[in-house]
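Notes for the one structure printed next.
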Amino acid sequence: MTLAEKIGQLHQAPRENDIDPEVIKSGSLGSVICSTSAYAGNETQLRVRAGRINELQRLAVEGSRLGIPLLIARDVIHGHRTVAPIPLGQSASWSPEHIQACAEAAAMEAYADGIRWVFTPMLDVARDARWGRIAEGMGEDPYLCGVLAKAAVKGYQGDNLSAVGKVAACAKHFVGYGAAEGGRDYNTTEITPNTLRNIYLPSFKAAVEAGVATIMSSFNEIGGVPVTGSKYLLDKVLRDDWNFEGVIISDWGAVLEMVEHGFALDKREAARIAINAGLDIDMAAEAYLEWLEDLVAKGEVSTDRLDAAVLRVLNLKFKLGLFENPYTDETHADKVQFTAEKKAATLELTRRSLVLLRNEDEVLPLKKDLKKIGLFGPMIDSRSELLGTWCLDGLPEDVITIEEGIRAQLGSDQELITAKLTDEAVNLARFCDVAIVVVGEHPHRSGEANSITTLDLPPGQTEFLKYVQRIGVPVVVVILAARPISISPDLHGIDAFLVGWHPGSMGGQAIAEALFGVFNPSGKLTVTFPRSVGQVPIYYNHKATGRPLDENKIGLTRYVDDRDAPLYPFGFGLSYAAYEYGATSVASSGDGFEVKATVKNVSSVDGEEIVQLYIRDRHASMTRPVRELKGFQRVSLPAGSAQEVVFHLSRADLGFYGSDETWIVEPGIFQFWIAPDSISGQMAEATLAG
Ligand code: GLC
């Protein structure tokens, strides 16, 4: 390979429909991101079609000197043609198996369009719901993010990257992107090494352990160093500490953004810093394309460093089988996209993503004797809005609306009364036996570059609900949102709240089925719902401080103008069944502990309960959170049944990253909870011997 051909492999260009064929034939392009926008899902994109991808591929394979195939990438964030709930919604299922199944479906559909590399899963732990990209992640807990990361990577990549229907995944955005100050996207992050190791890195480590093929560096800086130019994070943490041998790609233009950060004088220096920090591919900045030849010629970048990066890119192409099979069967997409099987898999995940936050007087599930059912609000027949913040190939016409879903559930003697205008809705609500009100956000209020300063419902919706509430009929609120919503105290008298997130293609059906009891909701929050934005950042695995929170005492870490507790805590979610948790018991087992509790379904409704295991390291060489999720089990509990739920924790499971940033386990007192959420459960204590 010539120097120019090597550098070409490290250059990724966007806009697959505008690429100059000569650039490909000269060997100056290694990969393509199929996107016309630097702003993620904010702009409608042309669908990717295999025919166009094959054209590009022929230019590379048959038109260039070495015939190295292109690697075609796309942001397939939560489904491709069959759109799953936004990842934050998916995470509320706490179901690795269903998340893996939908990732498998998305990979098959994307593969059929010629895509071999998807920029997902997003593994940024997020503790600030003002940040629009909280929608794309798996919530606030590092352990849960890690478990779900493994499932997603397995779904996209399978066990053989060269198999039909498998694609390279990309763990992003490495790292700490969700800690943006003020919840403002791209903003500065201040993360201590202890928090970095124990909160923000673990989900990426899990993805690396799962064999993720690629990692994307994030836009943010940490403590004065942009991640894209951080030798510590890319070379030391990823390569040396974790032995990651895959490809590291920058986020869109992030190499050049180091000039704006004030970390590089110009594009040339940005290229030098990035390649010497360990970044393999420059996405869309053309910094490598323009300057690497000069930097190598002047000895500022070693040929060893360059060759190592090129080798990783070629190795990925070999693993994907691109040299043997660079082209895509153009008849494949129609056979594998939006099939009954993929819709069924997506429906199963969507059902489990729904979270029931409130259900007074068992207003849900809707009873069969209700004659007039009101369905009100601006989104009752929305299609594209249900698809969420980022689905480039999902089709609004594929979406089942909430109205369509509910009509499919109506009994022959039940009437649906609908209104989208608030005044008409308030007028008609009085004639209904129950009012279902759909409120929430437009997807463009979340996602990339879309951060907000309030967690209230969008303008006018709280007032709308207050008026409906005054009518006096039972009110069921369905919230379509990409983030936690601070439900106003004025609305706390409303009978039921169901969080639907942005639920994807099957959303209307899943929501209607939940409302009518076709299935029993089991979703649990993976992010804390604050009372107000004033509490942010608020998260369950916080530190105790020297004056631990006690809402009934003065002089402690508390607010004087509102309660301190969240509106709904991490791990919370109701069911149509009712569960009672017995005492937690702990006993030594192997080099760690066995933790048990009996969970009983004391209702007449069958259900599935996500039973959670939390620990607290009571005293250690560095302070530890008041609770840490260390396990969970989805337990099927028929009506009236009980089950002893058992968890095993090894000694290593009880460790943390200490002051020297290595994993350490310290003897001492540990506390354990088997609980339905992060603030409940009966505690048991045990001492880990030295
Ligand atoms: C965007 C996003 C990233 C995405 C990439 C390509 O700016 O930050 O998540 O994968 O650029 O679209």
> Do we have any residue at all in segment 183-194 that's on the phi > 0 side of the Ramachandran plot, part of a loop (DSSP other than H, G, I, E, B), of a type outside the set (Phe, Trp, Tyr) and away from the ligand (no atom under 14 Å from the Cβ)?
Replying inline: no
> Of the residues 13, 38, 106, 110, which single one is at pLDDT below 95 and either among the basic types (Lys, Arg) or closer than 25 Å to residue 449 by Cβ (or both)?
Replying inline: 38
> How about segment 507-548: which of its residues are small (Gly, Ala, Ser) and open to solvent by 30 Å² or more (accessible area, probe 1.4 Å)?
Replying inline: 517, 532, 534, 546
> Can you name every residue in segment 480-503 that is β-branched (Val, Ile, Thr) and surrounded by fewer than 23 Cβ atoms within 10 Å (Cβ to Cβ)?
Replying inline: 494
>> Being outside any loop (DSSP other than H, G, I, E, B) and touching a helix residue (DSSP H, G or I) at 6+ places or on another chain (Cβ under 7 Å): is that true of residue 417 here?
In response: yes
>> Which pairs turn up if I take residues in segment 581-610 that are part of a loop (DSSP other than H, G, I, E, B) and look for partners that are surrounded by fewer than 17 Cβ atoms within 10 Å (Cβ to Cβ) and β-branched (Val, Ile, Thr) with beta carbon separation below 6 Å, at least 6 apart in sequence or on another chain?
In response: 582/598
>> Just to be sure I understand, how many residues within segment 264-286 are in contact with a Ser or Thr (Cβ under 9 Å, 6 or more places away or on another chain) and either free of Cβ contacts under 8 Å to residues at least 40 places away in the same chain or surrounded by fewer than 20 Cβ atoms within 10 Å (Cβ to Cβ) (or both)?
In response: 2
> Considering only segment 396-440, how many residues are of a type in the set (Gly, Ala, Ser), surrounded by fewer than 16 Cβ atoms within 10 Å (Cβ to Cβ) and within 36 Å of the chain's Cα centre (by Cα)?
Replying inline: 1
>> Checking residue 43 against (1) open to solvent by 30 Å² or more (accessible area, probe 1.4 Å); (2) charged (D, E, K, R); (3) at pLDDT 95 or above; (4) within 16 Å of the ligand (Cβ to nearest atom): exactly one of these is not met. Which one?
In response: (3)
> Does residue 135 satisfy being hydrophobic (A, V, I, L, M, F, W, C), within 16 Å of the ligand (Cβ to nearest atom) and in a helix (DSSP H, G or I)?
Replying inline: yes
> In segment 24-40, what residues are among the β-branched types (Val, Ile, Thr), open to solvent by less than 20 Å² (accessible area, probe 1.4 Å) and more than 7 Å from the ligand (Cβ to nearest atom)?
Replying inline: 24, 32
>> So the check is Cβ under 7 Å with 6+ separation or different chains; which pairs have a first residue in segment 244-262 that's within 18 Å of residue 116 (Cα to Cα) and a second one that's away from the ligand (no atom under 15 Å from the Cβ) and open to solvent by 30 Å² or more (accessible area, probe 1.4 Å)?
In response: 246/312; 247/312
>> Could you tell me how many of the residues in segment 214-237 are within 21 Å of the chain's Cα centre (by Cα) and assigned to a helix (DSSP H, G or I)?
In response: 1
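The values are calculated or read from the model by the stated rules, or taken from the named source; none is laboratory data. Keep in mind the model is a prediction, meaning the values are calculated, not measured. In this analysis, Cβ positions are derived from the backbone assuming ideal geometry, glycine residues included, and neighbour counts consider all displayed protein chains. Keep in mind that these areas ignore ligands, DNA and RNA; they rest on the heavy atoms of the full protein, side chains included. Shrake-Rupley method; radii C 1.70, N 1.55, O 1.52, S 1.80 Å.
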